[in-house]
Amino acid sequence: MNTHDRVADFPADFLWGAATSAHQVEGGNTNNDWWDFEHHPATAARESSRDGIDHYHRYAADFALLRSLGHNAHRLSLEWSRIEPAPGEFSASAIAHYRRALTALAESGMTPMVTLHHFTLPRWFAVSGGWLGPEAVSLFSRYCRHVAEALGELMPLVCTINEPQMVALHGYLEGYHPPGITNPTLWKRTGRVLLEAHHAAVRAVRDGTDRSRTGLAVQLPLLAPVRDDEAAVAFHAAMQHEIVDLYLDGLTGPDRGDWLGVQYYRKQWVDPASPTMFAPPPAGFRTTQMGWAVYPDGLRQILHRAADTGLPLYVTENGIATEDDAERLDYLQTHLAAVAQAIREGVDVRGYLHWSAFDNFEWSEGYGPKFGLISVDHDHDFARIPKPSAYAFAEVARSGRLSTMNGN
């Protein structure tokens, strides 16, 4: 059979690409809460973000490289602290920079997906109480509207907030992200504020432009009880509600958005007897540099759960931290197969954006974990070096067929 006669595993208009976030790649984001957190004497961060991978100056070449690797879409974020460095003071220079970047992205032939908040907050917003400040939602809404008015025609897809569950969990309960709080009450309150902020941001973007379709990007681990006793099962139900169901079931009403971003990395076991609330993966599970359990079918299951919202879905992040690119290739094959199976089973999935485009700054874990399709040589002018997995992914993106990843 001729190669071109084979039935594709993915729709012809499927979006293929990878993701980045401003603080992880741009470098020099010195006016936000993460920069302060990285440099605090008691920080949980292993190192500073420093220059990132200097994407702030190299975006055009980076976009051209990604396009050459078969990508027809790219997800990136805008740095709020650059755009609004002081309350109500918007930087024309920052807007002009992002206009140039988004124009270059569109001219490269890739569809932009723009995230308005990807973990970092302006310093002034953080010191005024962050997400628990009295005006948090209205201040975020003001920023979102300003961006939509200024850049809306360049943002066909807009993600309001990246992983609200993890902003709340890591920052307000586990304490290893800013603001470094470990308070169960504030953890739950923050999650609900972030859900409210998403709805407000949808309204703000729609007020600012009629050119953008909005969505929320949620990280959805496949949670399981560590044991089948009553306490563990009940605890699993409670954690499922706080990390998954609260956000999916909360996407109701006219301001819920137009699509939903699904971010999946692992299966995770919850344990009421653990001081961290989570248990390590059972023996026999393959784990990543992050200690996460690799479980491809979890992505299929999570896509079905996300489909309960009735919204079109994009996989906005999925990937593995590993130094072994053969392991990344296997991860891609098995997880893309899970997406293809979900599509065959009737789930409306419209794109897959790998995490990450490049090896970059991984928050409190620093530069150690390697998630990228492309490596970066920090000792030689940030040289970009595509990995074999990048070329294999390119073949699937170009053909829409999983078999091409095996060279068939």
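Tabulated values for the structure
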{"item": "Contacts under 9 angstrom Cβ, first residue in region 275-295 being closer than 18 Å to Leu173 by Cα, partner modelled with pLDDT of 95 or more and acidic (Asp, Glu), 6 or more apart", "result": "Thr276/Glu174; Met277/Glu174; Met277/Asp271; Phe278/Asp271; Ala279/Asp271"}
{"item": "Matching residues in region 108-132 - criterion: being among the small types (Gly, Ala, Ser) and not in a loop (DSSP other than H, G, I, E, B)", "result": "Ala126, Gly130"}
{"item": "Failed item, numbered, when Gly70 is tested on (1) assigned to a loop (DSSP other than H, G, I, E, B); (2) more than 14 Å from Ile374 (Cα to Cα); (3) out of contact with any Asp or Glu (no Cβ under 6 Å at 6 or more places or on another chain)", "result": "(2)"}
{"item": "Residue check for Ala321: small (Gly, Ala, Ser), out of contact with any strand residue (DSSP E or B) (no Cβ under 6 Å at 6 or more places or on another chain) and surrounded by 19 or more Cβ atoms within 10 Å (Cβ to Cβ)", "result": "yes"}
{"item": "Selection count where residues are within 30 Å of Asp51 (Cβ to Cβ) and over 17 Å from the mean Cα position of the chain (by Cα), scope region 326-366", "result": "5"}
{"item": "Residue check for Ala224: modelled with pLDDT of 95 or more, under 19 Å from the mean Cα position of the chain (by Cα) and farther than 20 Å from Pro164 by Cβ", "result": "no"}
{"item": "Region 219-239 - residue that is touching a strand residue (DSSP E or B) at 6+ places or on another chain (Cβ under 7 Å) and in a helix (DSSP H, G or I) and, of those, surrounded by the fewest Cβ atoms within 10 Å (Cβ to Cβ)", "result": "Val233"}
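Each row is one residue, and each column tells you yes or no for (1) at pLDDT 95 or above; (2) surrounded by fewer than 20 Cβ atoms within 10 Å (Cβ to Cβ); (3) of a type in the set (Ser, Thr, Tyr); (4) over 21 Å from the mean Cα position of the chain (by Cα).
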{"position": "Pro11", "(1), (2), (3), (4)": "yes, yes, no, yes"}
{"position": "Gly28", "(1), (2), (3), (4)": "yes, yes, no, no"}
{"position": "Asn31", "(1), (2), (3), (4)": "yes, yes, no, yes"}
{"position": "His39", "(1), (2), (3), (4)": "yes, yes, no, yes"}
{"position": "Thr43", "(1), (2), (3), (4)": "yes, yes, yes, yes"}
{"position": "Tyr56", "(1), (2), (3), (4)": "yes, yes, yes, no"}
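Yes/no matrix, rows are residues, columns are (1) touching a Ser or Thr at 6+ places or on another chain (Cβ under 9 Å); (2) within 25 Å of Val25 (Cα to Cα):
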| site | (1), (2) |
| --- | --- |
| Leu116 | yes, yes |
| Phe119 | yes, yes |
| Gly130 | yes, yes |
| Val137 | no, no |
| Tyr143 | no, yes |
| Cys159 | yes, yes |
| Tyr176 | yes, yes |
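The values are calculated or read from the model by the stated rules, or taken from the named source; none is laboratory data. It should be emphasised that the depicted structure is a prediction, and the values quoted were computed from it without experimental measurement. Please note: Cβ atoms are built from the backbone with ideal geometry, for glycine as well, and neighbour counts cover all protein chains shown.
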